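Sharing a structure here in structure tokens format.
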Amino acid sequence: MSIDIRDLHARIDDQEIIKGLNLTLPKGEVHAIMGPNGSGKSTLAKVLSGHEDYEVTNGSVSMDGEDLLELEADERSRAGLFLAFQYPHEIPGVSNANFIRAALQARLPEGEELDAVGFYKELYAAMDALEMDRKFTGRAVNEGFSGGEKKRNEILQMAMLKPVYAILDETDSGLDIDALRIVSKGVNAMRSQDRGILVITHYQRLLDYIVPDHVHVMKDGKIIRSGDKNLALELEERGYDWLSEESAA
Amino acid sequence: MGVIVEAENKSSSILEEAPAWDASEFPDWYREMQESAWEAARALPLPRAKNEPWRFANLKQVAAVGDYVAAPPVDEETARELVARSRMLDTSEHRGKLVFANETLVHDERPDEDGGLICASLAEAVTTHGQRLQEYFMTQEATLGSEKFALLHKSRTRSGLFLYVPAGMELTLPIEVYHYVAGHCASIFPHTLIVTGENAKVTVVDYYQSASEDEAGLSCGVVDLVAGQGSQIRYVACQNLSTRSANIHISSTLASADADVKSLQLQLGSAWSRTESVSHLSGKGANSDMLSVAVPAAGQEVDQRTLQHHAEAHTTSDLLYKNALSDRSRSVFAGLIMVDEGAHYTDAYQTCRNLLLSDDAEANAMPGLEINADQVKCSHGSTSGPITDEEIFYFKARGIPAETAKQLITFGFTAEVLAKLEQPAIEALLSRLVEAKFEKLA
Ligand SMILES: Nc1ncnc2c1ncn2[C@@H]1O[C@H](COP(=O)(O)OP(=O)(O)OP(=O)(O)O)[C@@H](O)[C@H]1O
Ligand SMILES: [Mg+2]
């Protein structure tokens, strides 16, 4: 059981950003993607989650055998895919609690009502684990949140939605040292045989907390190198240039 | 809506035919006042496009005011049915309830007039509290364009509430007043006058409704809030007339020193709704919050004119108008903050936000400032725009379908205003009404 990306090409406004990408993310594993700015990491995340601005021109993506590209973004989410955004959007007027509740409600069969008491119990427990103040339930989604608070809020949503596959796009950026530890703990608590996690990051430091099974390097819309966690250490030391020289050679 | 009356009715138009005053019904002073108001109203022309207060206004709708006639009396069965329908707040959530059907009081449930409290229907107050009433009755002239309609109202009004809350008295639960218009092309002229003595507190909700969704009616209402020193008034006008109807609502707030007034307009019904709201801040420490939510759909139009007039130093006002526009609906907002010479340390804010839920919806906003004092904090702004794709995507990425996302965003957009009233029971009620309208749209 896995997400399988084969020879994926995707573009936006006639500009090809993803250029023949292959990747397999099996359940039970944590993979990390690193790569220079502009290499297409966030684009990949958005293409996978079904953003309509991107057009897939070639290749395939399947999730546990199901053709992901056939599904609308909301269907992909309900099928078990989650994206923690690099830049989470602000939604004025909709409280965090109501937003998460609507997301859970959308997963229930027609006519079935989410149990409100159970929901709040679970929400508060998840917030406690992430050391989030209760006041964030009543505040509008991400509105006026600090950068780090937004990232924490993404992980709160992940904890509540319990996806089968999660993509975390630079969730570590903007987190202070304590927050990084807390959020990583939250993510690690969700590691399981039944869940695949893809972390996109620039910093090897995150991978000390969330230790990956595999590390991939993305450049210019492709995965150009894959290895174990030691690859991240090597990148930290040497940067990305040596890789492109090698692959060009 | 266009011309809605048969030609033979034209002669009985409220713009043409003098009101039928019944000499036995009201004392002389009142009848004489109404007669001279009628003469004055007759002398004024209907608003024209070149009049600044009517820029962007739909003048066809203005002219159509002449299509309405005096409301006939309602029969007992209709009256009973309307009273039965008048259940917005629970009995435990209100202090009183008055129901008017075509300006006749058909349900009368109100607090006892102890300790100087006056809580009376206008018709009753004219007779029993004439002196008090005269002191305050329509002393605030309309200035935002509807002078003629205000005079027309003055010449015809015979229903509504006169509430005088003496110093120190607090009515914590709201008083509800229902104004029904019944019959095709019928018109009503509901009046609301609230006067608070020093440190008094009161909450009033007016509902403007049609007896039938199939009938076109006109409500031409005037509301005057006179807040004494340190007093607190919470006022809501909830307009849910039939979608063929017309609404004219002229309101003023006069806030004395340290008085705090919050007023809210909820616009749900009527084909055309013109609201003119003025706040005069006339004493140090006075505050007026002016709130409005409108959710026009189909071809509905809301036309909103406001004035925040700071006449004294150290006064504050905060205006927040939000319109969520569907289909081919249309909104006009024109607001002015005026700070008089000497009104230093004024804090005045004015925000109009339009959420365009359809490509065919149209929003016009004309914010304005006129500052003649120093040390003033003023801001005005207006925004208009659709729900963005990025917003929708954030919802979809969490599994929430686009339609639900739009509803939640729109509902959230309006909820922010309703919450500012800080009246949980009323907020819950108004939310339900907004939600019901969205459900009808979906
Ligand atoms: N609408 C667009 N039109 C053209 N190019 C675009 C558009 N949107 C994004 N791009 C480009 O696509 C490339 C990939 O962007 P993406 O955000 O995926 O990079 P990234 O790897 O996530 O970078 P970072 O590490 O900075 O987050 C960038 O060069 C970006 O400028
Ligand atoms: Mg990125």
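The values are calculated or read from the model by the stated rules, or taken from the named source; none is laboratory data. What you see is a predicted model; the values in this text were computed from it and never measured. For neighbour counting, all protein chains shown are included, and Cβ atoms are generated from backbone atoms with ideal geometry for every residue, glycine included.
Quick check: is even one residue across segment A:76-83 among the polar types (S, T, N, Q), crowded, with 16+ Cβ neighbours inside 10 Å and free of Cβ contacts under 8 Å to residues at least 60 places away in the same chain?
no
To continue, here is another question. Could you identify the single residue in A:ALA126, A:ALA140, A:ALA116 that is at pLDDT 95 or above, away from ligand 2 (no atom under 16 Å from the Cβ) and among the aliphatic types (A, V, I, L, M)?
Testing whether each residue is at pLDDT 95 or above, away from ligand 2 (no atom under 16 Å from the Cβ) and among the aliphatic types (A, V, I, L, M) leaves just A:ALA126.
Still on this structure, I have one more. Does segment B:328-348 contain at least one residue that is assigned to a helix (DSSP H, G or I) and more than 12 Å from chain A (Cβ to nearest Cβ)?
Scanning segment B:328-348 turns up no residue that is assigned to a helix (DSSP H, G or I) and more than 12 Å from chain A (Cβ to nearest Cβ).
Pairs needed: first member in segment A:175-201, within 13 Å of A:ALA159 (Cβ to Cβ); second member anywhere, within 16 Å of ligand 1 (Cβ to nearest atom) and of a type in the set (Lys, Arg); C-beta distance under 8 Å; at least 6 residues apart or different chains.
A:VAL183/A:LYS151
Something else now. Can you pull out the residues in segment A:95-153 that are within 13 Å of chain B (Cβ to nearest Cβ), in a helix (DSSP H, G or I) and of a type in the set (A, V, I, L, M, F, W, C)?
Answer for segment A:95-153, where residues must be within 13 Å of chain B (Cβ to nearest Cβ), in a helix (DSSP H, G or I) and of a type in the set (A, V, I, L, M, F, W, C): A:ALA97, A:PHE99, A:ILE100, A:ALA102, A:ALA103, A:LEU104.
Answer yes or no as to whether A:GLU72 is away from ligand 2 (no atom under 16 Å from the Cβ) and over 24 Å from A:PRO212 (Cα atoms).
The answer is yes for A:GLU72.
Mind checking which residues of segment A:85-138 are among the basic types (Lys, Arg) and more than 21 Å from the chain's Cα centre (by Cα)?
A:LYS121, A:ARG134, A:LYS135
Follow-up question, since we're still on this one. Of the conditions (1) without any contact (Cβ under 8 Å) to a residue 40 or more places away in the chain; (2) touching a strand residue (DSSP E or B) at 6+ places or on another chain (Cβ under 9 Å); (3) under 19 Å from B:ALA200 (Cα atoms), B:CYS119 clears all except one; give me its number.
Of the numbered conditions (1) without any contact (Cβ under 8 Å) to a residue 40 or more places away in the chain; (2) touching a strand residue (DSSP E or B) at 6+ places or on another chain (Cβ under 9 Å); (3) under 19 Å from B:ALA200 (Cα atoms), the odd one out for B:CYS119 is (1).
Further, regarding this structure: For A:SER77, are the conditions met, namely being within 12 Å of chain B (Cβ to nearest Cβ), farther than 27 Å from B:SER431 by Cα and at pLDDT 95 or above?
It is true that A:SER77 is within 12 Å of chain B (Cβ to nearest Cβ), farther than 27 Å from B:SER431 by Cα and at pLDDT 95 or above.
Residues are listed down the side, and each one gets a yes or a no for (1) within 16 Å of ligand 2 (Cβ to nearest atom); (2) surrounded by 22 or more Cβ atoms within 10 Å (Cβ to Cβ); (3) at pLDDT below 95:
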residue	(1), (2), (3)
A:ARG191	no, no, no
A:GLY196	no, yes, no
A:ILE200	yes, yes, no
A:GLN204	no, no, yes
A:TYR209	no, no, yes
A:HIS216	yes, yes, no
A:LYS229	no, no, yes
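I would also like to ask the following. Just checking, does segment A:29-48 include any residue being among the small types (Gly, Ala, Ser) and more than 16 Å from ligand 2 (Cβ to nearest atom)? Talk me through it step by step, then tell me what you get.
Residues of segment A:29-48 that are among the small types (Gly, Ala, Ser), as a first pass: A:32, A:35, A:38-40, A:42, A:45.
Retained after the next criterion (residues that are more than 16 Å from ligand 2 (Cβ to nearest atom)): none.
No, segment A:29-48 contains no residue that is among the small types (Gly, Ala, Ser) and more than 16 Å from ligand 2 (Cβ to nearest atom).
Out of segment A:18-38, which residues are within 13 Å of ligand 1 (Cβ to nearest atom) and surrounded by 21 or more Cβ atoms within 10 Å (Cβ to Cβ)?
Result: A:ILE18, A:LEU21, A:ILE33, A:MET34, A:GLY35.
Among the residues of segment B:240-251, write down those that are surrounded by fewer than 24 Cβ atoms within 10 Å (Cβ to Cβ) and either among the aliphatic types (A, V, I, L, M) or in a strand (DSSP E or B) (or both).
B:ASN240
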